[in-house]
1. Pick from the stretch 42-67 the residues that are touching a Lys or Arg at 6+ places or on another chain (Cβ under 8 Å) and at pLDDT 95 or above: which of them is surrounded by the fewest Cβ atoms within 10 Å (Cβ to Cβ)?
2. Can you spot a residue in the stretch 96-108 that is in contact with a His (Cβ under 8 Å, 6 or more places away or on another chain) and either under 28 Å from Lys15 (Cβ atoms) or among the polar types (S, T, N, Q) (or both)?
3. Out of Ile160, Ile155, Ile184, Ile188, I need the residue that is in contact with a helix residue (DSSP H, G or I) (Cβ under 7 Å, 6 or more places away or on another chain), at pLDDT 95 or above and either hydroxyl-bearing (Ser, Thr, Tyr) or not assigned by TED's automatic domain parsing to the domain that holds Ala279 (or both). Which one?
4. Let me confirm something: among Glu133, Glu162, Glu173, Glu180, which residue is farther than 14 Å from Asp241 by Cβ, touching a strand residue (DSSP E or B) at 6+ places or on another chain (Cβ under 6 Å) and among the acidic types (Asp, Glu)?
5. Could you please find all residues in the stretch 232-261 being outside any helix (DSSP H, G or I), in contact with a strand residue (DSSP E or B) (Cβ under 9 Å, 6 or more places away or on another chain) and either basic (Lys, Arg) or under 11 Å from Ile220 (Cβ atoms) (or both)?
6. Of the residues Gly512, Gly563, which single one is outside the structural domain of Gly198 (by TED's automatic domain parsing), at pLDDT below 90 and surrounded by fewer than 18 Cβ atoms within 10 Å (Cβ to Cβ)?
7. With modelled with pLDDT under 95, touching a Ser or Thr at 6+ places or on another chain (Cβ under 9 Å) and surrounded by fewer than 16 Cβ atoms within 10 Å (Cβ to Cβ) as the only criterion, which of Ala267, Ala308, Ala231 stands out?
8. Please work out which residue is farthest from the chain's Cα centre (by Cα), limiting yourself to the stretch 362-396 and to residues that are crowded, with 23+ Cβ neighbours inside 10 Å and among the aliphatic types (A, V, I, L, M).
Amino acid sequence: MTRINTRDELIALRKKCIAAEKREKRKILVCAGTGCVSGGSLNIYAALKEKMAKEGIACEVELAADPHEDVVGLKKSGCHGFCEMGPLVRIEPEGWLYTKVKVEDVDEIVASSIQEGKPVERLAYKQNGVIYEKQEDIPFYQKQTRKVLEDCGRIDADSILEYLGIGGYRAFEKALFDMEPADIVKEISDSNLRGRGGGGFAAGTKWSQVARQKTTPKYIVCNGDEGDPGAFMDRSVMEGDPHRMLEGMMIAGIACGANDGYIYVRAEYPMAVARLRTAIAQAEELGLLGENILGSGFSFRMHINRGAGAFVCGEGSALTASIEGKRGMPRVKPPRTVEHGLFDKPTVLNNVETFANVAPILLNGADWYKSIGPEKSPGTKAFALTGNIQNTGLIEVPMGTTLREVIFDIGGGIRGGKKFKAVQIGGPSGGCLTKEHLDLPLDFDSLKKAGAIIGSGGLVVMDEDTCMVEVARFFMHFTQNESCGKCVPCREGTKRMLEILERIVNGEGREGDIELLEELADTVTNTALCGLGKTAAGPVVSTIKYFRDEYEAHIREKRCPAGACQKLKRFTIDPEKCRGCSKCARNCPVNAISGEVRKPFVIDGSKCIKCGACKDNCAFGAVKEG
């Protein structure tokens, strides 16, 4: 690529890229998000490239900004979101989406979709006997409003020319040449954009606080740590549309007077790191990053730091300490990050999704943004939908969308015809919502009233067979393991809470344990140093509030109502159904089953290790688990 040095050169290059995009008569977009790659999508991409070369079809794997003949564009795109159905392949301009594609399907895709212009019906998504050829018609996508994710799955994530071809860096150009820093801050403030990484703090407030600081240098930091179990929203943006996030950071640099941006990415995201590095290198080569960008006098450099896998480094002060090469531990506040952040200088710290919202706000205006979702929580939110649900994947909906719409309309309902029980929202820092919350709007303020938080956006759906005490134990184990140990309430309090929960699920719970958990939760919440500790008790408090009867059954009856806790399982044989075949006794590894052939057998509970071999081997359904 040739370096561009002026605004006019950027505009000219963008026009060429837009024209080049239009000259591609058809595009094949192979999902190259982490989920589809693990399912073999890169092998499908290679096979498509080889097949088209063999058939003599002009194929373009990289967008060329110079004029060329009509070709078929073959792209490695970001995540399409419908992870349950991967690997995914999209054909444009028709919008056909092929699901669960295999290498063996490549010949038919090329012959039918590329050479004949017909969809491959057998690869289309099917639900309740209906075939959905086009992606936008699939129920999973119909109720979504994809703004942050609109280009994930639509462009080659490794190409800055493709990003320019969809109008990329127009907002940066506008901020650089047509707006004053104060105007940019005002636009973000007026939009009421709230941080998408946790508690929903107003982004414009942070930016204005840093902008008015006299101390220099200043820094822009992007939190891409995303350590919540089951969350992968930020990863998908970094993998699928990295330039959009970079553009938001660069605009923040102009607005706040910063010349350096730092991206903190968890080490478990190697593909995100690789694509960010490629994007930064391309922007530097083109002249959109570095010194005196487009002759404007503004300079901005971008740096990547890989986290060491510590969940606590998602907290602002711990994250900046980690970038500085120190141990990632939170500090007492104030002073806040906006005053004394990275290298003790004023710092804007937002997460990936927040920065990805910046460019469209500058292009379309604050009023446009506020027209989406509720007034106090405008815009959209990306969620990672996982658990006992039909359609798992990455979704994006307007703020204020109800839980019922997300779970049953987009998610397709509970897997296996089971009943909905609860959803854990906000990860280890969040809480459980139940069927009484199904019509609750998903926005910052409504969730706070219900005792939960959006967090980064993980949604783990649970069915009737889920033990809520075990859910609380799982998240407490995670939090306790991730505690940095700096403050006593978090270090010792979470450990005591975990010990109590482990006793309960092991059938050793005692009277008073519930009250002790509540007391410890209150202490940890009100005295811990950082956000991790202050929210650590969330899953415990919410499960006690909504499922206290399950705790009581574990403690008083030594029984798990969901039948999920291994130590509390009970296996019995129904004498009415037992045929006396002795198969259960012959397969019991500890000889806990006795009886005579042709007569009902009996299980000795004192010997039973609850392995379930008896139930698995009974052909008559006589063995009951409870």
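The values are calculated or read from the model by the stated rules, or taken from the named source; none is laboratory data. Every value quoted in this text rests on a predicted model; they were computed, and no experiment measured them. Don't worry about glycine lacking a Cβ; one is built from the backbone with ideal geometry, like all the others, and counts go over all protein chains shown.
1. Leu42
2. Within the stretch 96-108, none of the residues are in contact with a His (Cβ under 8 Å, 6 or more places away or on another chain) and either under 28 Å from Lys15 (Cβ atoms) or among the polar types (S, T, N, Q) (or both).
3. None of the other options fit; the residue is Ile160.
4. From the options Glu133, Glu162, Glu173, Glu180, the qualifying one is Glu133.
5. Ala258, Asn259, Asp260, Gly261
6. Every option except Gly563 fails the conditions.
7. After applying the criteria, what remains is Ala308.
8. The residue in question is Leu362.
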